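S.K.: Before I ask anything, let me first share the structure, which is written out below as structure tokens.
Please treat every number below as a calculation from the coordinates, not as lab data. Please read all numbers here as calculations on a predicted model, not as lab measurements.
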Amino acid sequence: MRDITLLDTSLRDGSYAINFSFTSADTAIICQGLENAGFEYIEIGHGAGLNASKSGYGIAAETDEQYMYSAANALKKAKYGMFCIPGVARLEDIDIAASNNMGFIRIGTNVTEVEESEPFIARAKSHGMQIMANFMKSYALPPKEFAEKVKLSEKYGAEIVYIVDSAGGMFANEIDDYYKAIRERTDIKLGFHGHNNLGLAISNSLDAARIGISYLDCSLQGLGRSAGNAATEVLVAALLKLGYELNIDFLKVLESGHKYINPLMNTRGIMPLDIVMGLADFHSSYMHHIQKYATLYSINPALLIIEAGKINKVHVDDAILEQIAKKIGDNEEVFLGKYNFFRYTGGEQDDR
């Protein structure tokens, strides 16, 4: 079996689901639990990454530096890292991270905007950080064009490039197609970050491992934005059952998830709009736009999401949304409270 590295993102992507409320103490104890279980890579901080609290994407319970200090002092062997979205983060935020001994950085751009990552990769490289490039909304480009973006990211200095199923709507055969196209151009290390809107985060992660993708993201109890991520406990169990040799203590993983994350889970099952987003390849950070026009025109938000996804899978334009809403128009009265829009925090892509 090929070597598989699991990167746990409970403390970063998971923070979306709890309104960025992880504290420094939470960060320290969960980092310790994950390290004791054998994890080498642990992602922390605000869901939208460096400088997000100061950039209008929801204020986290702690500052970036407080999260960094907490993780750096809690961990003895594992590397901690944070997310970095150009336009949300500043170049100087990478300098601050380096001064706090951050071991890896994940530079995330929409797959159509990889060029924006160049100065950020260069700055991280100057500090000797391990650099991962996350291609958000990977499904928005066909495989061959995606592969060209991978080559570009590699040229900039990224060491690992992630296929990212941001809306949780991809299928295994699509991941295979991206992998094949990339391998025709480069042998760079690859990762996969899956969301669970169509219930496929685990199976897609397993297929990614099968075809040769060596880095897989997961979060304890599946805690994460929208329908959540591949659940760490389930992914570890499935990989072990398939015969992968993981240097991870499965029982300690179960203990951490049950003890520290399960009490935070305030929903059960997959919410209807999460499934709709998976169907439409629609990113949940734009949900407040959907709420606005669904409320204004009293229409089913699912219809708005589906039609918006047909037009643009990367960005949302208010004028176009309003046109769609007017076209749908004159629907029967809709009780929007049942959709729990408060669950969808973020908006990290609005200005991109």
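S.K.: On a straight-distance basis, which lysines could pair with residue 292 in a cross-link, Cα separation under 17 angstrom, same-chain partners fewer than 8 positions away excluded?
M.R.: Of all the lysines, those that pass the test against residue 292 - Cα under 17 Å, at least 8 places apart if same chain - are 326, 327, 338.
S.K.: While we're looking at this one, here's another question. Pairs 155/313; 125/252; 144/252: which exceed 31 Å Cα-Cα?
M.R.: Checking Cα-Cα distances, 125/252; 144/252 exceed 31 Å.
S.K.: How compact is region 272-343 by the rule of thumb for globular proteins, expressed as Cα Rg over 2.2 N^0.38 Å?
M.R.: Against the compact-globule rule of thumb, the ratio is 0.97.
S.K.: Also, quick follow-up: Rounded to whole Å and sorted largest first, what semi-axes of the equivalent ellipsoid does the C-alpha gyration tensor of region 212-313 yield via the square root of 5 times each eigenvalue?
M.R.: Value: 34, 17, 9 Å, ordered largest first.
S.K.: Which of 315, 283, 46 moves most in a GNM of the chain, Cα contacts under 10 Å?
M.R.: Comparing 315, 283, 46 in a Gaussian network model of the chain, the most mobile one is 315.
S.K.: Tell me the mean residue ellipticity at 222 nm calculated for the chain from its helices only (DSSP H runs of n ≥ 4, each -39500 (n - 2.57), averaged over every residue, nearest 500).
M.R.: The helix-only estimate for the chain comes to -12000 deg cm²/dmol at 222 nm.
S.K.: So what is the relative contact order of the chain, in percent, for Cα pairs below 8 Å that sit 6 or more residues apart?
M.R.: 17
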